[in-house]
Amino acid sequence: MEYVLKNGIVYDPANKVAGEKKDVMFKDGKIVDSVSADAKVLDVTDKIVMPAGIDPHAHVAGPKLVVGRIYRPEDSRKGVTHKTDVTRSESGFSIPSCPSTGYRYSRMGYGTVVEAAVPPLEAKHTHEEINSIPNLDIVPLSLFGNNWFVLQYAKQNQIEDLAAFVAAWLKIAKCYGVKIVNPCGSEAWGWGMNVHGLDDPAPYWDVTGREVVTALAKANEMLGMPHSVHVHPNDLGHPGNYPTTVSTMDALKDIEKNSTVRGQTMHLTHAQFHAYGGTSWRDADSGADHIADYVNKNDHITIDVGQVTLDETTTMTADAPMEFDLYKLSGLKWANKDVELETAAGIVPVIYSGKAPVNSLQWAIGLELFLKVNDPWKVCLTTDHPNAGPFIRYPRIISWLMSNERRQEMMDNREVHPWSHRRTSLASLEREYDFNEIATITRAGPAKIYGFQDRGALTPGYNADIAVFDINPNDIDPSRNPEAIEKGFSTAMYTIKDGEILVKDGDIVKVVKSQTLWTNVKGMEEQEKAVMERVMPDFTRYYTVKFENYQVHDKYLPNPIVTEVQAGK
Amino acid sequence: MANYEPPVTDYDSIVENCTCAFCGCNCDDLDYLIKDGHVVGVRHACRLGASKIMEDMDQRLMVPMIRGEDGELAETDWDTALDKAAELIAGAIRPIFYGWSETSIETMHHGLELGELVGAVLDNQATICHGPSLQAVQNAGYPISTLGEVKNRADMCLYTGSNAMNSHPRHMARYSTFPRGYFRPRGRFDRTVVTLDPKYSDTAKMSDIWVGFEQNGDYEFYNAIRAVLKGKKLQKEFISGIPKEDVEELAEAMKNVQFGALFFGLGLTHTLSKQRNIDIAIQMVADLNSYTKWILMPMRGHFNVNGFNIFMAFETGFPYGVDFARGYQRYMNGETNTIDLLTRKECDVFMVIAADPGAHYPGGAIKHLAEIPVIQVDIHWGPSTEIADVVLPGSFVGVEVGGTSYRMDGVPIWMKKAIDKPESCRDDEWIIKELLERVKKIKAEQGALASK
Amino acid sequence: MTYVDKPAIPKVVKFDEPNAKLRNKLDVMLNTGSDIYQGACKKRGSTLKDEYRKVAGVAYMDPKDMAKLGVSNWDHVKVISDWGEVVVNAAHSRDAPHEGTIFIPKGPWANVVVSPETYCCCDPTYKGIMCTVEKTDDDVLLMADLMRAVYKKYVKDEEGIKDLATLGEMPVYKKL
């Protein structure tokens, strides 16, 4: 089937198309240069046309999510809708059910979402949920930062063995890349402790976060992974944590990049939570300057923000000790889920309120990061869904980024607490994003960061993943019309995935199965085999499942998209 | 005890690393000894697991049956039985699909689709077991871990209202008390085992400390421990029948371990205070985490009872007792749950799959099942068969057919197939899918009629 | 078979218990729950058999209570609660002492006397049921007979249930 999207205003940053009126054509699921006269014409005159959105960091599937859904029926009750002829009934606000997750991303013009934390032991669970999320391609990242085998390799600085281990474990868990969460801290949580900073060793293992992050980054480059290490540094959410964040970035400064498809060697995730100054919540202030400065001056780093949206939400992270701290602060019900030999996880509901000084400060710091990082290719739009807010708020964040007037108004009329401007420089930042920059931080940038070669741009041969929004960019002043911007980006006029129209005028018109991206490393088979042989006795002794039953069988990925990389090249 | 029996040596082949289809321990290290397509021996399993796997073929449901006018079950062919069941389901106003905890997630997918189509209530055994635990989790939180954390780290294992030696016989051996863990190289000798139970149960007999507080004394006892943890002086000499000095000593011991694990069972959920018992236990564990590391875990009974809760939560947002009557999901404890719907006599067609309400519901609820059509999908002739009107023989997950299940701690396990099923039986997944197709067809015909 | 046909129980009912005063009826608290014999038999699928009656149609009692009632192992007792009455075997509890409490493993016999009341929290009250126990000469019914006698789903003449032939220990259905 051939289609032409006619007369749209196209924003395709990867191809340096910034607001040109032109046609976009696709055929049999791929973008093409030309189509025959039989092609079906979709008239999108003066509407925004972009590649489909890519969310570089969210929590949408897996054991943590399900604990959240089981223990927060009050959240599930919030988003309940009646089933339609096309869709099943929906539920949830901050932790929507799997079908709801797919529908809602799809309505916002998204096509790809990264699930940022998969414990290998429970990877089957994550994949089961991915299969229940319709209309999206999901990119799972596997947790390595507190894995006992990784801790040992890092301590002994055995990078090649570590690389082989990572390659083998990605095959076992069927994941796309390497995620590190509070390295050594989640292991310390096994004893109810945490580590403080990059150089505080994990109890017993006597290895530091610095050693773990460095070793994994080196291994990642040795394998030539499509994505860099994806790092959630130590001390998340603690006042005065920005030096830890800066030193984590700096620790990886000299690691040589081994990839042509991406620019960075470290992706710093939900940077907002890692950009606090001060010594306690009493005197906390913004550390965004330090983070943004570092990112502006160094090319080995990219970040996503984790913008606070001022909603009631559910926080969930593999940084379990932080969640316990949060529980002690808020007293709201605490869930925890430690995973043997691998990681931990914590979950606590949070009510981010514009009336609360701390939440307002967090809100402002996130915006500061967006506005202070000069190169939009280095920063991505996320809320660390659902941690800082649900993903359905992305359009609202876009409206804030495009309107200084709106930001000032929120501070002036006290929609946010005065800490938002007294303790940050937000009030002095006049920068406003344009549509091309929005397309960069939600599409082209994430695609580049993940080394995607098939999406995130409207290049011929790429997947026909396209979003059309009912906004005329030549006729709207986003600065003055934040509501119209939010509304326009909330409900796509068309969402097209692999050439199929899934959303029309904001409604789901078709439901398709999700696909799962994972990375298959080749060229280290011998080393992998050797590592597996060495690992196996400990595996048998200390895990509670048999290796045969630990692996994710192909059955759990009915629609895989495999990225094959040649190690070392 | 029975006489000693020599080990089974007469077998053709061994299938290793099979997963036990009994309790929530989902032990995945079983070896099945196969002869002539039957399991003739099971290695590593406990008494419960082995007895289930080496089933009683006398009572295996082999053929589909429909109950006739004379009140007797009569064998029939698959088409007739499935059509009859589909007709009942399609014509129902308030159907309940109950069970699911002894079948695979793959089967549940079709069941949920069918439930959404006809507006059924989907519920599982949690409703009569750990339902109150899930409510307590919703009230107070859910600090758990996988069982390997307990094996590798725990130096105190506390069983409360749970007789693991009887209902989860390998739990202590494989996960909590006896195994040698990374930080507990001497296994049992590196751990203190405590049982809190009014009954001097078989688990209590194996423990270092047994606290036999009074029946229904759970809430008061945990509350007292919390008070001690918060530095309060106990005002009463005896707490639930236990001297206050002992309570203080236990609280102190719990504070001073490195890693504690509390396992709770139906002793908490089935007594009068129900979910409140667990509320306070959860809060006690949260309090203990201010001093040291503690986790807790419900001792889930069936191998996939947790799986159904997980599956329903990720598909619909709610763990069990999900009502689709209005075209969207509703979940309200005490309202949309099976026992309440039955005692209120709301349900008009009841389908039970991989469960035995005849054996496990209170009589007051079964009385309503005696008044409505019951469809049974199961592998054995049981008490539910005595009140079933349509019987569809399924197959044995983890032995005759593969499937996904979730252990009590949420670890997903692929349970592989070891032998073929009896020829006349069908896989649960196939049966439910067939029902779905047939009900869809009936609905489409009804729709066509209505539009004329 | 690897499985005993009935649970192993001690034979130490002391009729000469000095404090025991023979009574016709005892007020006790009933607990139900899983038990390894019941579990093994149920999940093996042998629910029609006499074995199941032995492992689930049984009230485990404190020996002192048994002495008060004048029953020994495998004598029959009638348990009566607000929700029904059922005849089960009496047996010496492995977990004694627990004077004043009896335990019936979960199953069709226990179901007759437990409370379906969920107090609006989905789970019936299976434990802590107040009931009475008395000695009886009535038989403990096999599972199929019990289901028929209690729920009467397919019985046309309810008065005549007592006279019906037993359904036995094997499945009863019409073959093609």
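The values are calculated or read from the model by the stated rules, or taken from the named source; none is laboratory data. Because the structure is predicted, anything quoted here is derived from the model rather than measured. In this analysis, Cβ positions are derived from the backbone assuming ideal geometry, glycine residues included, and neighbour counts consider all displayed protein chains. Side chains included, ligands, DNA and RNA excluded: accessible areas come from the protein's heavy atoms. Shrake-Rupley method; radii C 1.70, N 1.55, O 1.52, S 1.80 Å.
Looking across the stretch A:138-180, the residues that are β-branched (Val, Ile, Thr), within 15 Å of A:Val118 (Cα to Cα) and over 20 Å from the mean Cα position of the chain (by Cα) come down to A:Val166, A:Ile172. Residues of the stretch B:226-249 include none that is closer than 17 Å to B:Met299 by Cβ and basic (Lys, Arg).
Do you know which of the residues in the stretch B:260-301 that are of a type in the set (S, T, N, Q) and within 11 Å of chain A (Cβ to nearest Cβ) is farthest from B:Ser167 (Cα to Cα)? Lay out the reasoning, then the answer.
The initial filter retains those residues of the stretch B:260-301 that are of a type in the set (S, T, N, Q), namely B:269, B:271, B:273, B:275, B:277, B:283, B:289-290, B:292.
After this cut, where a residue has to be within 11 Å of chain A (Cβ to nearest Cβ) as well, the list is B:283, B:289-290, B:292.
Numbers: B:Gln283: 26, B:Asn289: 28, B:Ser290: 32, B:Thr292: 29 Å.
Looking at the filtered set, the residue picked out is B:Ser290.
Yes or no, residue by residue, for (1) in a helix (DSSP H, G or I); (2) within 18 Å of C:Thr32 (Cα to Cα):
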| residue | (1), (2) |
| --- | --- |
| B:Glu245 | yes, no |
| B:Leu250 | yes, no |
| B:Met254 | yes, no |
| B:Ala261 | no, no |
| B:Gly267 | yes, yes |
| B:Ser273 | no, yes |
| B:Asp279 | yes, no |
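Per-residue answers, yes or no, for (1) in the same structural domain as A:Lys337 (by TED's automatic domain parsing); (2) outside any helix (DSSP H, G or I); (3) aliphatic (A, V, I, L, M):
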site	(1), (2), (3)
A:Asp161	yes, no, no
A:Val166	yes, no, yes
A:Ser186	yes, no, no
A:Gly190	yes, no, no
A:His196	yes, yes, no
A:Pro201	yes, yes, no
A:Tyr204	yes, yes, no
A:Glu211	yes, no, no
A:Met222	yes, no, yes
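Filter the stretch C:1-53 for residues that are over 24 Å from C:Glu85 (Cα atoms) and among the β-branched types (Val, Ile, Thr); which is modelled with the lowest pLDDT? Looking at the filtered set, the residue picked out is C:Thr2. Among the residues of the stretch B:394-449, those identified as surrounded by fewer than 20 Cβ atoms within 10 Å (Cβ to Cβ) and of a type in the set (S, T, N, Q) are B:Ser424, B:Gln446.
Restrict the check to the stretch A:87-109 and report whether at least one residue is within 19 Å of A:Leu223 (Cβ to Cβ) and in contact (Cβ under 8 Å) with a residue 40 or more places away in the chain. Show your work before the answer.
Taking the stretch A:87-109 and keeping what is within 19 Å of A:Leu223 (Cβ to Cβ), we get none.
The answer is no, given that none of the residues of the stretch A:87-109 is within 19 Å of A:Leu223 (Cβ to Cβ) and in contact (Cβ under 8 Å) with a residue 40 or more places away in the chain.
Looking at the stretch A:34-130, what strands (runs of 3 or more DSSP E) fall wholly within it and have at least 3 residues that are more than 9 Å from chain B (Cβ to nearest Cβ), under 22 Å from the mean Cα position of the chain (by Cα) and surrounded by 24 or more Cβ atoms within 10 Å (Cβ to Cβ)? I'd like the intermediate steps shown before the answer.
Numbers: elements: A:40-43, A:48-51, A:53-58, A:110-118.
Fully inside the stretch A:34-130 and qualifying: A:53-58, A:110-118.
Elements of the type helices (runs of 4 or more DSSP H) sitting completely within the stretch B:137-213 and holding at least 3 residues that are free of Cβ contacts under 8 Å to residues at least 60 places away in the same chain and either at the interface with chain A (Cβ under 10 Å from one of its Cβ atoms) or closer than 30 Å to C:Thr101 by Cα (or both): these cover B:147-153, B:202-205.
Any residue at all in the stretch B:271-281 that's at pLDDT below 95, open to solvent by 10 Å² or more (accessible area, probe 1.4 Å), farther than 30 Å from B:Pro412 by Cβ and not small (Gly, Ala, Ser)? Yes, the stretch B:271-281 contains a residue that is at pLDDT below 95, open to solvent by 10 Å² or more (accessible area, probe 1.4 Å), farther than 30 Å from B:Pro412 by Cβ and not small (Gly, Ala, Ser).
Close Cβ contacts (under 9 Å, 6 or more residues apart or on different chains) running from residues in the stretch A:542-558 that are facing chain B (nearest Cβ under 8 Å) and assigned to a helix (DSSP H, G or I) to residues that are small (Gly, Ala, Ser) and surrounded by fewer than 21 Cβ atoms within 10 Å (Cβ to Cβ) comprise A:Lys555/B:Gly402. Listed by position, the helices (runs of 4 or more DSSP H) inside the stretch C:21-107 whose residues that are within 13 Å of chain B (Cβ to nearest Cβ), buried (at least 23 other Cβ atoms within 10 Å of the Cβ) and under 16 Å from the mean Cα position of the chain (by Cα) number at least 1 are C:36-44, C:50-56. Against the numbered list (1) in contact with an Asp or Glu (Cβ under 9 Å, 6 or more places away or on another chain); (2) of a type in the set (S, T, N, Q); (3) crowded, with 24+ Cβ neighbours inside 10 Å, C:Thr125 comes up short only at (3).
Annotation note: of A:Ala288, A:Ala335, A:Ala284, A:Ala318, the sole residue that is modelled with pLDDT under 95 and open to solvent by less than 20 Å² (accessible area, probe 1.4 Å) is A:Ala318.
With respect to the conditions (1) among the polar types (S, T, N, Q); (2) part of a loop (DSSP other than H, G, I, E, B); (3) within 19 Å of the chain's Cα centre (by Cα), B:Asn306 lacks only one, and its number is (2).
Would the stretch B:374-392 turn up any residue that is outside any helix (DSSP H, G or I), away from chain C (no Cβ under 14 Å), aliphatic (A, V, I, L, M) and closer than 23 Å to B:Gly49 by Cβ? Yes - at least one qualifying residue is present in the stretch B:374-392.
Those residues that are within 17 Å of B:Glu400 (Cα to Cα) and either within 14 Å of chain A (Cβ to nearest Cβ) or open to solvent by less than 10 Å² (accessible area, probe 1.4 Å) (or both), I need them from the stretch B:1-26; list them, please. If the condition is that a residue be within 17 Å of B:Glu400 (Cα to Cα) and either within 14 Å of chain A (Cβ to nearest Cβ) or open to solvent by less than 10 Å² (accessible area, probe 1.4 Å) (or both), then B:Ile14, B:Val15, B:Glu16, B:Asn17, B:Cys18, B:Thr19, B:Cys20, B:Ala21, B:Asn26 are the ones that fit.
Condition check: over 27 Å from C:Phe103 (Cα atoms), at pLDDT 95 or above and surrounded by fewer than 18 Cβ atoms within 10 Å (Cβ to Cβ). Does B:Phe259 satisfy that?
Working: over 27 Å from C:Phe103 (Cα atoms): yes; at pLDDT 95 or above: yes; surrounded by fewer than 18 Cβ atoms within 10 Å (Cβ to Cβ): no.
Answer is no for this residue.
Within the stretch B:302-326, residues that are without any contact (Cβ under 8 Å) to a residue 60 or more places away in the chain reach partners that are open to solvent by less than 10 Å² (accessible area, probe 1.4 Å) and aromatic (Phe, Trp, Tyr) with beta carbons closer than 7 Å, at six or more positions or on different chains, in the pairs B:Phe318/B:Tyr331. Only one of the numbered conditions (1) surrounded by fewer than 22 Cβ atoms within 10 Å (Cβ to Cβ); (2) of a type outside the set (Phe, Trp, Tyr); (3) on the phi < 0 side of the Ramachandran plot is not met by A:Gly240, and that is (3). Confirm whether A:Phe435 is farther than 23 Å from A:Leu136 by Cα, in contact (Cβ under 8 Å) with a residue 12 or more places away in the chain, surrounded by 18 or more Cβ atoms within 10 Å (Cβ to Cβ) and touching a Phe, Trp or Tyr at 6+ places or on another chain (Cβ under 8 Å). For A:Phe435, the condition - farther than 23 Å from A:Leu136 by Cα, in contact (Cβ under 8 Å) with a residue 12 or more places away in the chain, surrounded by 18 or more Cβ atoms within 10 Å (Cβ to Cβ) and touching a Phe, Trp or Tyr at 6+ places or on another chain (Cβ under 8 Å) - is met.
Every residue, every condition in (1) in contact with a strand residue (DSSP E or B) (Cβ under 7 Å, 6 or more places away or on another chain); (2) of a type in the set (S, T, N, Q), yes or no:
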{"residue": "A:Ala457", "(1), (2)": "yes, no"}
{"residue": "A:Val468", "(1), (2)": "yes, no"}
{"residue": "A:Ile471", "(1), (2)": "yes, no"}
{"residue": "A:Ser479", "(1), (2)": "no, yes"}
{"residue": "A:Thr491", "(1), (2)": "no, yes"}
{"residue": "A:Ile508", "(1), (2)": "yes, no"}
{"residue": "A:Ser514", "(1), (2)": "yes, yes"}
{"residue": "A:Glu548", "(1), (2)": "yes, no"}
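Screening B:Ala313 with (1) in contact with a strand residue (DSSP E or B) (Cβ under 9 Å, 6 or more places away or on another chain); (2) among the hydrophobic types (A, V, I, L, M, F, W, C); (3) over 28 Å from C:Gly107 (Cα atoms) gives one miss only, at (1). Contact annotation: no residue pair with Cβ atoms under 7 Å, 6 or more positions apart or on different chains, pairs a residue in the stretch B:254-283 that is outside the structural domain of B:Cys157 (by TED's automatic domain parsing) with a partner that is part of a loop (DSSP other than H, G, I, E, B). If you go through the stretch B:330-371 and pick out every residue that is in a loop (DSSP other than H, G, I, E, B), more than 10 Å from chain C (Cβ to nearest Cβ), crowded, with 19+ Cβ neighbours inside 10 Å and touching a residue at least 24 places away in the same chain (Cβ under 8 Å), you end up with 3.
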